[in-house]
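See below for the structure under consideration.
The values are calculated or read from the model by the stated rules, or taken from the named source; none is laboratory data. What you see is a predicted model, and the numbers here were worked out from it, not measured in a lab. Because the Cβ atoms are built from the backbone with ideal geometry, glycine has one as well, and the counts that use them run over all protein chains shown.
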Amino acid sequence: MDGNGRWAQARKERRTQGHLEGLKAAKRIVKAASDMGIRYLTLYVFSTENWKRTAEEVGFIMGLVKQYLRAELAFYRENHIRLRHAGDMAGLPPQIAGELTEVCNVTREWGGLQVILALNYGGRDEIIRAVNRAARAGIEPQTITEETIAAFLDNPDVPDPDLIIRSAGEFRISNFLLWEGAYAEYYVSPVLWPDWTEQELRLALEDYQKRERKFGGITR
Ligand code: IPE
Ligand code: MG
């Protein structure tokens, strides 16, 4: 979800205003994905690198997350949406971590769209934590396979993404789902995240439907 800052800058507003509008866009896209019957949606909310931003901006984003988690519970219930987390929980402010754990627990049994909030998330960090968990579980190094690593990732039961979408026109992975995205299709939209509507999601999915996925093989 990129482009909040540029959206605000174009309007001579503060970056925080961009994040506020970005939150509204996230709600629109979650609702649209749920209505379309999409099973899993991972939102890259805050990366392990985003701590480099000013204390004001970091504080504002964390405040939004906390507010959103709490305020949207009725919406999740209505739409059977399950919330999950990807990222390093230990590095989050205790209040956010507590709120996140609570909402994940409350929605655990809900069978609709699963929304995975990548919060304090980095692809490299996730792989490192997976390897550490495997070591602590007593896995013998010489027995490690792809399946071993995959089993120790943050959400081992969530399938690899089919499509990774980036808003605001940047052609970068930015440390997102490095392991899981190995065979994902990528889609970059020039539209800044706060301007995203259901229509942008539809365009991305239409583009995806034209792709031919080979997973390293050849087409017959
Ligand atoms: C993405 O928008 C939002 C977060 C990282 C939380 P940016 O804040 O990166 O927006 P730009 O890139 O400055 O436009
Ligand atoms: Mg950015």
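What the table shows:
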read-out	value
Within segment 194-216, considering residues that are of a type in the set (S, T, N, Q) and more than 19 Å from the chain's Cα centre (by Cα), the one surrounded by the fewest Cβ atoms within 10 Å (Cβ to Cβ)	Gln209
Qualifying residue in segment 3-16 (condition: under 15 Å from the mean Cα position of the chain (by Cα), among the polar types (S, T, N, Q) and surrounded by 15 or more Cβ atoms within 10 Å (Cβ to Cβ))	no
Options Leu100, Leu83; residue that is of a type in the set (A, V, I, L, M), closer than 15 Å to Lys27 by Cβ and modelled with pLDDT of 95 or more	Leu83
Where a residue in segment 4-16 is on the phi < 0 side of the Ramachandran plot and part of a helix (DSSP H, G or I) and its partner, wherever it lies, is within 10 Å of ligand 1 (Cβ to nearest atom) and of a type in the set (Lys, Arg), with Cβ under 8 Å and at least six apart	Asn4/Arg15; Gly5/Arg15; Ala8/Arg15; Gln9/Arg15
Among the candidates Glu78, Glu57, residue that is more than 11 Å from ligand 1 (Cβ to nearest atom) and at pLDDT 95 or above	Glu78
Residue in segment 17-55 that is nearest to ligand 2 (Cβ to nearest atom), counting only those that are of a type in the set (Val, Ile, Thr) and in contact (Cβ under 8 Å) with a residue 40 or more places away in the chain	Val45
Options Gly112, Gly87, Gly59; residue that is touching a residue at least 60 places away in the same chain (Cβ under 8 Å) and over 20 Å from Glu180 (Cβ atoms)	Gly112
Val158 assigned to a loop (DSSP other than H, G, I, E, B), among the hydrophobic types (A, V, I, L, M, F, W, C) and out of contact with any Leu (no Cβ under 6 Å at 6 or more places or on another chain)	yes
Sole exception among (1) surrounded by 14 or more Cβ atoms within 10 Å (Cβ to Cβ); (2) hydroxyl-bearing (Ser, Thr, Tyr); (3) over 18 Å from Leu43 (Cβ atoms) for Thr219, by number	(1)
Counted residues, segment 51-104 - those being of a type in the set (Val, Ile, Thr), surrounded by fewer than 18 Cβ atoms within 10 Å (Cβ to Cβ), under 19 Å from the mean Cα position of the chain (by Cα) and more than 22 Å from Pro156 (Cβ to Cβ)	1
Flag for Arg172 being within 25 Å of Ser189 (Cβ to Cβ) and among the charged types (D, E, K, R)	yes
